[in-house]
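Okay, so here's the structure we're looking at.
Bear in mind that the values in this text are calculations on the coordinates, not laboratory data. Computed from a prediction, not measured in an experiment: that's the story for all the values here. All Cβ positions, glycine included, derive from the backbone under ideal geometry; neighbour counts span all protein chains shown.
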There are 2 protein chains.
Amino acid sequence: MVAENYGKNSIIVDAMGGDHAPGEIIRGCIQASRLLDIKIILIGDEKKIRSFAIQDNLDITNLEILNASQEIEMDESPSEVVRTKRDSSIYLGTKILGEGKAGAFLSAGNTGAVMACALYNARRIEGIQRPAIAVVLPLAEKRVVLIDAGANVDVKPVYLKQFAIMGKAYAETMLSIENPAIGLINVGSEEKKGSEVVVEAYKLLKNSDLNFKGNVEGRDIFEGKVDVAVCDGFVGNILLKAIEGMANLFFTEIKNVFLSNFMTKLVTLGLKKPLSRMKRKFDYEEYGGAYLLGVDGLVIISHGSSRAKAISNAIRVAATGVSMDLVGKIRDEVKIVNKNDRGSEK
Amino acid sequence: MVAENYGKNSIIVDAMGGDHAPGEIIRGCIQASRLLDIKIILIGDEKKIRSFAIQDNLDITNLEILNASQEIEMDESPSEVVRTKRDSSIYLGTKILGEGKAGAFLSAGNTGAVMACALYNARRIEGIQRPAIAVVLPLAEKRVVLIDAGANVDVKPVYLKQFAIMGKAYAETMLSIENPAIGLINVGSEEKKGSEVVVEAYKLLKNSDLNFKGNVEGRDIFEGKVDVAVCDGFVGNILLKAIEGMANLFFTEIKNVFLSNFMTKLVTLGLKKPLSRMKRKFDYEEYGGAYLLGVDGLVIISHGSSRAKAISNAIRVAATGVSMDLVGKIRDEVKIVNKNDRGSEK
């Protein structure tokens with residue numbers, strides 16, 4: 001298939017990925033198309049998409065539909081997908097991205113497959129060995145970038161340094177934080193604390209031009225001590241999901257407190273608004289998607305359980321990344337840090 | 001020094017460890033001695049302890065004081081301590097424990113030093129290669145044992161299996177959970193997910209007699225899917241501290257919500273009690289101390305920032321562990337699991 005050039009101001013959305021595909025994905029795209037001035041291309045089984053739209057009476061005239069006939073399962077091995085699923089939405093979508101014919105690619109499907117196809121089709125940014133998932137942690141006072149939130153379960157020290165560089169570019173570009181403070185997530189503040197990998201990463205970060213503030217413990221992340229918190233994808237993913245689980249737990253508890261007596265029941269009305277505002281801060285659906293940084297093209301990964309609202313928000317996230325040229329900023333940042341490096345890494 | 005035999009119903013408390021030693025430690029011991037029918041031996045610089053008691057008008061007549069002249073710094077290397085600080089409270093305390101002359105040893109000091117001295121003086125339980133810190137996560141519905149909460153930053157697969165065995169003994173003995181469900185903390189539920197170490201550990205656990213439920217994600221821990229959640233000490237420590245940080249954040253936010261208007265301010269009075277009850281669930285001071293399991297003697301580690309209340313609660317934790325013979329139960333459990341093992345580990 002030779003795809004047309006959709007231009008930079010366009011986003012390819014995987015219609016087939018996630019627990020609620022394609023229905024909720026289509027709905028999310030329609031919502032986003034009403035809010036954003038950006039071209040949305042829905043990629044996937046065209047017949048399925050069109051029959052779904054007719055059945056649910058969805059107006060998809062504002063969306064471009066691109067056919068991709070193969071389906072990918074959630075547990076399929078990424079390398080298999082790259083080899084055997086060349087007519088899947090993820091493979092084709094990342095291919096068009098890699099050819100520079102679209103501004104971004106978004107999927108709520110198999111994360112491993114997205115990563116493998118994106119790397120194969122769009123390549124890495126020079127100086128970055130592994131892409132990483134960056135998210136803004138849902139926090140109170142201050143916004144903190146967590147990187148890697150789940151792309152790499154096993155890392156080398158130099159990967160962690162590269163994550164820090166990408167996290168810096170992210171915080172500067174997307175959160176307008178000047179010279180962001182970088183922290184290495186660890187079990188103690190002392191330089192020699194932690195696993196072997198983390199101890200080595202500490203040295204690399206200390207010897208770089210980055211605004212490195214040393215180790216941060218789990219507690220410190222919430223106290224806003226740094227703007228970027230760096231860790232491997234194993235720790236990051238567990239941490240992120242624990243935050244989700246804990247937020248749910250808290251709101252259940254709070255509800256129980258409110259319903260514990262008549263007086264408090266009465267007041268629930270008055271608290272409903274501020275509480276739901278608070279709850280939104282911890283709701284991944286509000287954020288919708290996370291960037292897979294390090295690929296030479298903008299890739300956004302959404303939660304597998306995403307519904308229309310999350311997809312629509314993820315498209316907004318993608319559009320922001322496109323308009324701010326996040327990928328270009330990372331490219332520049334890698335060059336600057338590597339040029340000024342006082343480190344000894346190989 | 002040849003210490004007398006204090007018998008099983010006794011706890012040696014390190015008077016010199018932690019940010020608020022010895023004052024808050026002494027106070028905590030006095031509080032505990034009023035509540036518990038157990039002998040408390042305060043070990044440390046006797047002159048300092050006595051002058052502190054006089055100065056603050058503390059009645060220490062119910063406590064035994066044991067002199068240890070050397071001090072250990074928080075950043076001192078554990079192996080150095082074992083070699084050069086043989087007259088320190090941690091070294092001497094664990095030595096008496098190892099000689100079977102006391103029921104437990106408790107310290108809020110340098111965790112690495114406690115671990116090294118305990119291993120040197122009290123040895124490991126046969127079949128356990130590394131001791132691990134076990135805590136009961138402060139959760140809503142259900143109590144969950146997290147192991148390892150910070151003793152081992154780098155692990156081998158077989159250590160994780162041993163942590164699971166100790167976690168099982170803990171849940172059975174201390175929480176009265178029959179045949180507790182064990183989960184491996186991971187980034188996905190599928191068998192092949194995760195780091196190399198975790199993938200191998202999965203196999204070992206699957207081939208054991210343990211009630212292994214597979215992988216659990218960060219979210220699942222809070223949803224009470226398992227009774228024991230196993231991970232390395234790097235992940236466990238970050239997770240535990242993140243929970244602390246997040247709890248603080250939540251209560252700050254909740255307070256802001258309450259103070260947001262007059263109506264809600266009024267009601268704060270009615271909510272004070274249930275909220276502070278909720279807050280207590282997430283307060284480490286309520287728990288006071290965590291067991292360092294795997295040592296052939298009961299060792300309890302307290303938070304470095306412990307004050308009297310935390311120390312008193314930790315002594316209660318220690319007394320419970322003594323009366324339930326937690327160490328003996330772990331010894332038995334290791335034998336049972338290893339005997340029935342269908343695994344292939346070496």
Requested in this report: Take the alpha-carbon centre of segment B:1-43, take the same for segment A:1-37, and report the distance between them in whole Å.
Outcome: 65
Report summary line: Checked chain A against the a/c 1.5 cut and the a/b vs b/c comparison, axes a ≥ b ≥ c from its Cα gyration tensor; verdict oblate
**Report entry** Separation between Cα centres of segment A:157-225 and segment B:305-339, rounded to whole Å
**Finding:** 36
Report task. At a Cα cut-off below 17 Å, give the aspartates and glutamates reachable from residue A:8, other chains included and same-chain residues fewer than 8 away excluded. Result -> A:37, A:64, A:99, A:296, A:325
Query - Karplus 3J(HN,Hα) series, Hz, for segment B:102-107 with 6.51 cos²θ - 1.76 cosθ + 1.60 (x for Gly, Pro) - result: 8, x, 7, 10, 10, 8
Query raised in the report: Which value, in debye to the nearest 20, gives the size of the charge dipole of the protein assembly as shown about its Cα centre, when Lys and Arg are +1 and Asp and Glu are -1 at the Cβ?
Result: 1120
Report task. Using a Gaussian network model of chain A whose springs link C-alpha atoms within less than 10 Å, name the residue from A:306, A:33, A:276 with the highest mean-square fluctuation. Result -> A:276
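Please report the antiparallel percentage of DSSP beta bridges with both residues in the protein assembly as shown, rounded to the nearest 5. Let's see the in-between values first.
Working: 24 of 78 bridges.
Close to 30 percent.
Please say if segment A:1-99 is rounded, prolate or oblate, where rounded means a/c under 1.5 for a ≥ b ≥ c the square roots of the C-alpha gyration tensor eigenvalues, and otherwise the choice is prolate for a/b larger than b/c and oblate otherwise?
Values: a/c = 1.95, a/b = 1.28, b/c = 1.53.
Oblate, because a/c is 1.5 or more while a/b does not exceed b/c.
Determine the shape class of the protein assembly as shown: with a ≥ b ≥ c the square roots of the Cα gyration tensor eigenvalues, call it rounded for a/c under 1.5, and otherwise prolate if a/b is greater than b/c, oblate otherwise. Don't skip to the answer; put the middle values down first.
Working: a/c = 2.01, a/b = 1.78, b/c = 1.13.
Prolate shape, in that a/c is at least 1.5 and a/b is the bigger ratio.
Filter the DSSP H helices in chain A by two things, a Kyte-Doolittle mean of at least 0.5 and an axial alpha-carbon span of 18 angstrom or more, and list the hits by number. Walk me through the numbers on the way to the answer.
Working: long enough: A:23-35 (19 Å, 0.31); A:157-175 (26 Å, 0.43); A:233-258 (37 Å, 0.88); A:262-281 (28 Å, -0.34); A:308-323 (22 Å, 0.74); A:326-339 (20 Å, -0.12).
Going by DSSP H runs, the hits are A:233-258, A:308-323.
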Requested in this report: Under a cut-off of 22 Å between alpha-carbon atoms, report the lysines in cross-link reach of residue B:168, not counting same-chain residues fewer than 8 places apart.
Outcome: B:142, B:156, B:203, B:206, B:213, B:225, B:329, B:335, B:339, B:346
**Report entry** Rounded to 5, the percent of DSSP beta bridges in chain B classed as antiparallel
**Finding:** 30
